[in-house]
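Asker: Have a look at this one.
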Amino acid sequence: MSLAVCVFCSSADGVPGPLRGLAADVGAGLATRGWRLVYGGGGLGLMGEVARAALAGGAHVTGVIPHGLAALEAELLEVDDLVRVDDLRARKAAMDARADAFLVLPGGLGTLEELLETLTLRQLGVHDRPIVLLDPEGHWRALHDLLDGLVASGFASGDLAGALPTAHRAEEALDALAAQVRPQG
Ligand code: AMP
């Protein structure tokens, strides 16, 4: 089975054009590599850009969306596999269960929450799948500073920021994931 990349990113509709292009590059890049996309199932913002570009390139796309958000986030009915779940927690669990690796683009509260849970579980050794940030404009710089501060003050240990390598271009991000994924089996 090909690599399944779970993408966390913004669902906001007002995101500027360059980031939309970046999101589309991710979708196209996944398709070119023959990889699969797992994402939140919506059609708005960067989420919609990634998914539409992945579908246009022929990638297999799984969308996971809570019943209550289907209209609000304009669920994308043309995905290959549309998984409807009860709530946001179930969505995260369903995405996690299908993911071999995680790619995080700029986003808001939802993206931050998904990223922190995935990072926390990795630091606890619950999983060892790669997490890469795609962040050409320093959207997550304050998060890196916060994580460094937690370690410096003794509230967290390990190289937290180092566990989140940052790429500036889609291809660089996908290469970084490929380099970290462990062979299956
Ligand atoms: P955002 O980054 O806020 O645009 O949200 C990205 C995605 O995360 C959207 O599809 C939201 O529905 C979802 N989301 C928002 N809040 C949460 C949360 N607390 N837990 C999990 N997903 C969330």
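The values are calculated or read from the model by the stated rules, or taken from the named source; none is laboratory data. Just so you know, these numbers come straight off a predicted model, no measurement behind them. Using ideal geometry, Cβ is built from the backbone for each residue, glycine included, and neighbour counts are taken over all protein chains shown.
Asker: So which of Leu72, Leu77 ends up being farther than 16 Å from Val5 by Cβ, in a loop (DSSP other than H, G, I, E, B) and either more than 14 Å from the ligand (Cβ to nearest atom) or aromatic (Phe, Trp, Tyr) (or both)?
Answerer: Leu77
Asker: Between a residue in segment 61-80 that is closer than 19 Å to Asp13 by Cβ and any residue that is within 10 Å of the ligand (Cβ to nearest atom) and basic (Lys, Arg), which pairs come within a Cβ distance under 9 Å, given they are 6 or more apart or on different chains?
Answerer: Listed pairs, sorted by first residue: Ile65/Arg91; Pro66/Arg91; Leu69/Arg91.
Asker: Go through (1) more than 16 Å from Leu103 (Cα to Cα); (2) assigned to a helix (DSSP H, G or I); (3) in contact (Cβ under 8 Å) with a residue 24 or more places away in the chain and name the single condition Gly158 misses.
Answerer: (2)
Asker: Further, regarding this structure: Can you tell me which condition Gly57 does not meet? The list is (1) buried (at least 19 other Cβ atoms within 10 Å of the Cβ); (2) under 22 Å from Arg169 (Cβ atoms), and all the others hold.
Answerer: (1)
Asker: Return the residues of segment 94-115 that are near the ligand (Cβ under 10 Å from one of its atoms) and farther than 26 Å from Pro18 by Cα; say none if nothing qualifies.
Answerer: Met95
Asker: Report every pair of residues separated by at least 6 positions or lying on different chains whose Cβ atoms are under 6 Å apart, first residue within segment 107-124 and closer than 21 Å to Glu49 by Cα, second more than 9 Å from the ligand (Cβ to nearest atom) and at pLDDT 95 or above.
Answerer: Listed pairs, sorted by first residue: Leu115/Val104.
Asker: Report, by residue number, each residue of segment 18-47 that is part of a helix (DSSP H, G or I) and more than 15 Å from Ala170 (Cα to Cα).
Answerer: Of everything in segment 18-47, just one residue is part of a helix (DSSP H, G or I) and more than 15 Å from Ala170 (Cα to Cα), namely Gly45.
Asker: Being out of contact with any strand residue (DSSP E or B) (no Cβ under 8 Å at 6 or more places or on another chain) and either β-branched (Val, Ile, Thr) or within 12 Å of the ligand (Cβ to nearest atom) (or both) is the filter here, so list the residues in segment 43-69 that pass it.
Answerer: Matches in segment 43-69: Gly43, Leu44, Gly45, Leu46, Gly48, Gly68, Leu69.
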